[in-house]
Amino acid sequence: MSRGTGVGIAVLVLLVTAYAVTTPAPSAIQPAAQQDDPGFYAGEAGLTPSEIAGREIWYKATAGNARFHTYVFQQRVGILVNWFRALRSDERNDRFAAYGLINDPGCCTPGTAGCRAKTLDETYGFDWCPGDDELLKFVGKAGYRDPACDFRDATPHPDPKENPYIVHHAKKDQRQSSCDLAFGTSTGALGYRKFPNPRFDRERWLKVNGRLGSWEGFSETLSTDKTSSDSGVRRLADGSIEPPFLIGTSCGSCHIAFDPLNPPRNPARPEWQNIKGAIANQYLRISELLGSGMPYDSLEYQMFSHARPGTSDTSALPNDQLSNPGSINAIINLHQRPKFKDEDVIKWHPVAACSATPAAGTKCWCEPGRDGKCWLHQRGKETVHYILKGGEDSIGALEAIQRVYFNIGSCSEQCWLNHLTDLRQLDPEGRNYGQTPFDIGQCRRDCPNFRAIEDRLVDVGAFLFSKETYATDLHVARENALKARNPNARYTYEDLVADLDRRFGNGAVARGRVVFAEKCASCHSSISEAEGGAFKNRDFRALDAKTGLRRDWLGNDQATPVSVAGTYRCRALHSNHLAGQVWQEYGSETLRARPPDKLQDDSSGGRGYYRNVSLLSLWAHAPFMHNNAIGPEICGKPKDDRNFFYRSSYVDRGTKVLLPKGTEPACVAYDPSVEGRFKLYVESMTDLLNPAQRVPKITKLDVPVPLRLGLRRLEEDGKQKQVVGLTIVVPEGTNSAGLVNFQHKAFARDLVQLKLKSDALEQRLAKELGPDEARKLIAELRTFGRELVKQPEKLVETIRKHPKLLELYSSCTADIESDGHRFGEDLPDAEKKALTAFLATM
């Protein structure tokens, strides 16, 4: 993680210098109050009660993470979030272009026609949204009743096959209070929810900001004097000033997106019919949002905000010291997604009672005050989906949904925060030097928000299997676009094929099916030849008689060694689900028994695999690969230049230096229209099938980053004077991922051991590397130490002079982010075009 890496570098320099010298009762089931805009409820049409309940949870439930995003994230990680910068209502029309955020159609800017709030001071500078009439009364006061308390629970499904938790509700509904779902009201951006802060001090706020509707004073730096350390810290870090709102996020914060079948005419002003809940927002800049309170030249910002639009580093907090941003998963046609039998899984199962004599290796717990609401922890064979980029979440789909809530901050203090690595901790014997496994059973006991979500996982799952996530076909999207101008217009699948054949060559779609069957289907078909017959005879558009969906999910979801895929390998080395790591309990024993891919990098312990993903609706989800790096770079172009976050990552393949400004390919502006998506798809397919033509990409620091270390004294004139210490400058052009991947803890450990117990170090390294390599490494460590003592301010340059150290102390040494997946590069151009045409129909 950027903050920890920065602090780690700082501590490392000092080290080397020294070397020289109460839960609410369950709410009654009742009709849902109309707490939201009518357009939101219109989206329930055709859904079952369980799917409706799951939809509302997906869009609104934060499970208590507002405290995490307001306090814990800043204090534990040291990254400041400037929520006002992204959510201020006077820049509502710039919000999508800046951050890729989807505006809530039910909200409005105070003072605009029809808005119930007349001034920004009434809403503290945010949008007015449904439910705010009540919420705003409790800013600075206690007693707010969360709208989730009036949530309409669906009746538990009576079939144990459909609902494994029914055993807990066979006699009566025993779900945790819906209040603990914690909805709040919308901030104006879908998936981002606000709660009134009872600790808000009106007079203090006015003194700092001048008026209620401004956060400018709260957002400014503590000092404008560049010689002061306070110039790099914003007042957001001042614990004596409480904001009016606590901000939480729902699962939908990353997954809610524009419907490819019915995109908005103006992305800044969508309507409810333009929105889908789970197909993933490929324009979202979540890293910039979460780092929005950091100075641009801080190491934290330059490293934390490196992810491309539509990607998120889900290991940023449960840090495994790997550059890990991955595309936000599009959830499509889950009914057809492959499952894997006989997975060796250890997990908690709902049971009606705990045995007086439990079997060996099992444990059981019953929730106090409930009738037979018990959980049995045991090992067995399960049929599961593989979820996440490498299939790491592998104990069940419902459990995978639950774990998402931890990634967005739920139950952090009660359950998992103290199991994470503290990247500032360099003592191997100290607490949080490394990860420890998170305990699901302990979290269930201690966090009511966990239980509130867990009791409704079946409903969330039902929503994710609903029509909301069905594949989106290009011919339907084009017909909808034509009907917007002429209600009688028609555009069929046959029309699409004819148009594609005209563009890509006569018979291109038919020929593309043959190419796909011969070259791609072995990985990108969910139905093997043993099950469905020869690929060459396959109708890949055939429908399943039971579900009405395509039979073929167009991906086998199996793990492929990254050395075979050839793509940027750092994410494949993800290690958080391995034994002893934080998410150990969410990974199967089968996963951990998988032999590691034979890679140059193995210090992370990661397995080194990627899933063969689905190609359904591919036309709507470019750019490609797990990191969105294959295809044009996309960017929003906001009116406020301060929120233009794009920075080129195009480099010269030989020198790996950033291409000079004006010579690199331009970024492509966000365009969620049907033809905008299709154009991006075609360009990305061209990149995919012609790897030799790709301009390589490496994310780099685009400004020098100063790290000021040591002690300062405040002089009588108010100026700060450095008493001892130094300033290190991380140079512009440094690889961002390289800093993330550098294992500074192991490096510092070995430097200390070299000074104090060199014989023990040599013995340990000899076992790991062999005697000859161990001696070479120790000699290089000694040389490095001597050089750094002479010029400690040149830490980065000194490490660069020792590439062997970088290699041995890095969890991943890959640098080019757009390499790999060379399958199809040898096809004739006509067949590449044919494959592009065929996949556009899928």
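The values are calculated or read from the model by the stated rules, or taken from the named source; none is laboratory data. This one's a predicted model, so the numbers in the text were calculated from it and none came from an experiment. All Cβ positions, glycine included, derive from the backbone under ideal geometry; neighbour counts span all protein chains shown. Surface areas here come from the heavy atoms of the whole protein model, side chains and all, with no ligands, DNA or RNA. Shrake-Rupley method; radii C 1.70, N 1.55, O 1.52, S 1.80 Å.
Overview of results
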read-out	value
Which numbered condition Ile816 fails, given (1) open to solvent by less than 10 Å² (accessible area, probe 1.4 Å); (2) assigned to a loop (DSSP other than H, G, I, E, B)	(1)
Pairs with Cβ under 6 Å, 6+ apart, first in segment 353-364 and under 14 Å from Trp375 (Cα atoms), second open to solvent by 70 Å² or more (accessible area, probe 1.4 Å)	Cys364/Pro358
Matching residues, segment 93-142, being within 12 Å of Gly188 (Cα to Cα) and among the β-branched types (Val, Ile, Thr)	Ile102, Thr109, Thr123
Selection from segment 541-559 of residues that are buried (at least 18 other Cβ atoms within 10 Å of the Cβ) and more than 12 Å from Gln336 (Cβ to Cβ)	Ala559
Hits in segment 479-523 (condition: assigned to a helix (DSSP H, G or I), open to solvent by less than 30 Å² (accessible area, probe 1.4 Å) and either touching a Leu at 6+ places or on another chain (Cβ under 8 Å) or polar (S, T, N, Q) (or both))	Leu496, Ala508, Val509, Gly512, Val515, Phe516
Filter result for Arg199 (open to solvent by 10 Å² or more (accessible area, probe 1.4 Å), in a loop (DSSP other than H, G, I, E, B), in contact with a Leu (Cβ under 9 Å, 6 or more places away or on another chain) and not hydroxyl-bearing (Ser, Thr, Tyr))	no
Residues of segment 214-232 classified as modelled with pLDDT of 80 or more, surrounded by fewer than 19 Cβ atoms within 10 Å (Cβ to Cβ) and of a type outside the set (Asp, Glu), total	3
Those residues of segment 550-569 which are of a type in the set (S, T, N, Q) and under 22 Å from Asp539 (Cα atoms), in sequence order	Asn556, Gln558
Flag if Asp132 is within 18 Å of Trp272 (Cα to Cα), open to solvent by less than 10 Å² (accessible area, probe 1.4 Å) and in contact with a strand residue (DSSP E or B) (Cβ under 7 Å, 6 or more places away or on another chain)	no
Condition check for Ile453: of a type in the set (A, V, I, L, M) and either open to solvent by 10 Å² or more (accessible area, probe 1.4 Å) or over 30 Å from Pro368 (Cβ atoms) (or both)	no
Single match in Leu761, Leu788 (criterion: open to solvent by less than 50 Å² (accessible area, probe 1.4 Å), at pLDDT 90 or above and assigned to a helix (DSSP H, G or I))	Leu761
Segment 62-101, residues that are touching a Gly at 6+ places or on another chain (Cβ under 9 Å), among the hydrophobic types (A, V, I, L, M, F, W, C) and within 24 Å of Trp128 (Cβ to Cβ)	Ala66, Val81, Trp83, Phe84, Leu87, Phe96, Ala97, Ala98, Leu101
Residue ID - modelled with the lowest pLDDT, chosen from residues in segment 153-168 that are open to solvent by 20 Å² or more (accessible area, probe 1.4 Å) and more than 15 Å from Val460 (Cβ to Cβ)	Lys161
Contacts under 9 angstrom Cβ, first residue in segment 462-480 being over 30 Å from Asn163 (Cα atoms), partner of a type in the set (Gly, Ala, Ser) and open to solvent by less than 10 Å² (accessible area, probe 1.4 Å), 6 or more apart	Asp473/Ser617; Leu474/Ser617; Leu474/Ala620; Leu474/Ala840; Ala477/Ala620
Close pairs (9 angstrom Cβ cut-off, 6 or more residues apart or separate chains): closer than 13 Å to Gly106 by Cβ in segment 129-141, open to solvent by 70 Å² or more (accessible area, probe 1.4 Å) and modelled with pLDDT under 95 anywhere	Pro130/Gln34
Yes/no for Trp83 being in contact with a helix residue (DSSP H, G or I) (Cβ under 9 Å, 6 or more places away or on another chain), more than 30 Å from Gly461 (Cβ to Cβ) and surrounded by 21 or more Cβ atoms within 10 Å (Cβ to Cβ)	yes
Exclusive hit being among the polar types (S, T, N, Q) and closer than 29 Å to Pro691 by Cα, set Ser588, Ser525	Ser525
Whichever residue in segment 32-62 is within 20 Å of Ile401 (Cβ to Cβ) and hydroxyl-bearing (Ser, Thr, Tyr) and, among such residues, is surrounded by the fewest Cβ atoms within 10 Å (Cβ to Cβ)	Thr48
For Tyr301: the one exception among (1) in contact with a Lys or Arg (Cβ under 9 Å, 6 or more places away or on another chain); (2) of a type outside the set (S, T, N, Q); (3) part of a helix (DSSP H, G or I)	(1)
